[in-house]
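Below: the structure, in structure tokens.
The values are calculated or read from the model by the stated rules, or taken from the named source; none is laboratory data. This structure is a prediction, so every number in the text was calculated from the model and none was measured. Here Cβ is always computed from backbone atoms with ideal geometry, including for glycine, and neighbour counts include all displayed protein chains.
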Amino acid sequence: MSKKTIYKDFFILEENREEFENICMDAIKLANNFKLDLMKKPLVNYKEQEFIKNQIFEDFPRDPSDLKTVLNEYKNKILDGSVNWSSPSFLAFPDSNNSMATTIGHILQGMTSQNLCNSLHTSPTATIVEIQIIKWLRELLGFEVKKNIETVFDIGGVYASGGVLSNTIGLLLARERKFKETMKKGITFDVSKVKVFLPESIGHYSSKCAAGWLGLGLDCIKLVKTNNNFCYDLDVLEYELEKTVQNNEIPLAIIAYAGDSRTMSIDNFEMIYKLSKKYDAWFHIDACHGSALIFSKKYKHLINGINLADSVTLDPHKIFWMPYNLSYILIKNPENFKLISGSSDLITNEPLSMGQISPFIGSWGFHSLKLWFLFKNMGMKNIQKFIDYRTDKAKELSNKISNMKDFYVFNDVTMNSIIFMYIPKPFFKKIKNNDTFAIQELNTLNKSIREILFKDKSIFVHTFPLKDYKRVSGVDIKTELQMLRIIISNPLFNEITENKVLETIKEVAENEYKKRFKT
């Protein structure tokens, strides 16, 4: 086989341009058929994992296959069995991935391959786009925006692969602010004295893990009582902060939520800010979900005070119907990035080389291009409409679920999350008396409902254990119940889908109850 043949078969060249574009079109059509429910099932053609392993696990390929053959194998072994996140009945998470603009941006990001670690030589235009997007986001958050960006320490934000990394960087900033030069000298302080505050039960795992990853230890996490709105009990938070100081301990950071990952509840930022100043703690807001409201005309007031935080995390891949992945951490004082700046002879010292302010990240692609495409394509007016739609629709759906027999909603909708359970009447008296066996049976029943919906009915709702802080069920506040959760985000979720989903959930719940307890 000649070199010319090898090049033509495996690399993009002028002489195979048409062939390459045709196979790309075949791939796009295949993906579009998947997204638009033209395959076997609208959500997932469910297969047991052992079956999938038997299909995919094999010896390393020895002989080459042409791209059409590889694409066909992908279709049969991988795509057929994947979950269609774009389906209107995908209701477990907010990431619907059906925006035309972001899909185009994602394709172009992959094909043009810019590296934002450096600027002048590896991403000359991409770097400036990244800075522009961060400036837009800062302005919407209410952070000060510098007109003239001369160095990376003027920008005030940086890309991260997801909310977990963004939140970890936030805690790293808190650590370096309080204990300067820890990155250089290592941990020289008594970690047993350090406390990081999270709301009980609803605090995201990323902040807990970050404490471990950063050498603070998981024991530094102080869980604070959650109120019946699934937010910090502020009186208890202040009490715990005061107790920490009285015990000669160090309140390092208070982590609050603009849309916690379960109920989408929103903390009182103005009050928490006052406490953070009083006790000299870093104030971090996990707004991976709730940052959507900075684009809302109707509901933006719900996140008043978000601009008071020292750092805020945002996840556009959770908000904007886009392919994975894209997250940001923005900080009130851009100069604070100097606390965690890294240097290497592999990262150029050009003023706008963003690798200087990106801990845990080396090279990264032009992921923000998909967000630039969306902003340009939709404009603020249309973005506002769809962000407001999801909350309006969630409130409407919450009322409908509340009116269904034996279904109970456990949260007041603030954004787009509805937490609910199926509790047949005979269970109520037992669980109110804290009958442990009955509670276990009820939790198993709701878990089973979710599995049947996913495997057999092409409806994907989420499930997780959560305490009944609103006392809807009457169960002891210490007891966790297996909640079901619907999130409204997909713009294609309409009244027809809504009615079908509710009817199916009701049917599955009643049938599973009869099967388990009335045989």
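Numerical summary
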read-out	value
The stretch 230-249, residues that are within 24 Å of the chain's Cα centre (by Cα) and over 20 Å from Ala210 (Cβ atoms)	Phe230, Cys231
Matching residues in the stretch 464-492 - criterion: being surrounded by 20 or more Cβ atoms within 10 Å (Cβ to Cβ) and among the polar types (S, T, N, Q)	Gln482, Ser489, Asn490
Flag if Ile12 is hydrophobic (A, V, I, L, M, F, W, C) and outside any loop (DSSP other than H, G, I, E, B)	no
Enumeration of residues in the stretch 208-258 that are assigned to a loop (DSSP other than H, G, I, E, B), of a type in the set (Asp, Glu) and farther than 30 Å from Asp412 by Cβ	Glu249
Residues within the stretch 431-445 that are in contact (Cβ under 8 Å) with a residue 24 or more places away in the chain, within 30 Å of the chain's Cα centre (by Cα) and surrounded by fewer than 20 Cβ atoms within 10 Å (Cβ to Cβ), tallied	2
Residue within the stretch 271-278 that is outside any strand (DSSP E or B) and among the small types (Gly, Ala, Ser) present	yes
Criterion: of a type in the set (Ser, Thr, Tyr) and crowded, with 24+ Cβ neighbours inside 10 Å - qualifying residue of Ser265, Ser296, Ser276, Ser261	Ser265
Residue selected from the stretch 192-229 under the condition at positive phi and more than 23 Å from the chain's Cα centre (by Cα), by the criterion surrounded by the fewest Cβ atoms within 10 Å (Cβ to Cβ)	Gly215
Residue within the stretch 401-409 that is in a helix (DSSP H, G or I), assigned by TED's automatic domain parsing to the domain that holds Glu510 and either surrounded by fewer than 21 Cβ atoms within 10 Å (Cβ to Cβ) or in contact with a strand residue (DSSP E or B) (Cβ under 6 Å, 6 or more places away or on another chain) (or both) present	yes
Residue among Ser353, Ser311 that is touching a strand residue (DSSP E or B) at 6+ places or on another chain (Cβ under 6 Å) and under 23 Å from Thr168 (Cα atoms)	Ser311
Criterion (out of contact with any helix residue (DSSP H, G or I) (no Cβ under 6 Å at 6 or more places or on another chain), part of a helix (DSSP H, G or I), basic (Lys, Arg) and modelled with pLDDT of 95 or more) met by exactly one of Lys77, Lys68	Lys68
Test: residue in the stretch 373-385 that is over 26 Å from the mean Cα position of the chain (by Cα) and not assigned by TED's automatic domain parsing to the domain that holds Asn499	no
Residue in the stretch 420-441 that is of a type in the set (A, V, I, L, M), under 21 Å from Asn499 (Cα atoms) and in the same structural domain as Ile459 (by TED's automatic domain parsing) present	yes
Condition broken by Leu38, with the remaining ones in (1) in a helix (DSSP H, G or I); (2) loosely packed, with under 13 Cβ neighbours inside 10 Å; (3) modelled with pLDDT under 90; (4) not small (Gly, Ala, Ser) satisfied	(1)
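Yes/no per residue for (1) within 30 Å of Gly163 (Cβ to Cβ); (2) out of contact with any Lys or Arg (no Cβ under 7 Å at 6 or more places or on another chain); (3) touching a residue at least 60 places away in the same chain (Cβ under 8 Å):
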{"residue": "Asn22", "(1), (2), (3)": "no, yes, no"}
{"residue": "Pro42", "(1), (2), (3)": "yes, yes, yes"}
{"residue": "Lys68", "(1), (2), (3)": "no, yes, no"}
{"residue": "Ser86", "(1), (2), (3)": "yes, no, yes"}
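To keep it simple, each residue is scored yes or no on (1) in contact (Cβ under 8 Å) with a residue 12 or more places away in the chain; (2) closer than 26 Å to Pro251 by Cβ; (3) of a type outside the set (A, V, I, L, M).
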| site | (1), (2), (3) |
| --- | --- |
| Asp154 | yes, no, yes |
| Val158 | yes, yes, no |
| Ser161 | yes, no, yes |
| Leu165 | yes, yes, no |
| Thr168 | yes, yes, yes |
| Leu171 | yes, yes, no |
| Glu181 | no, yes, yes |
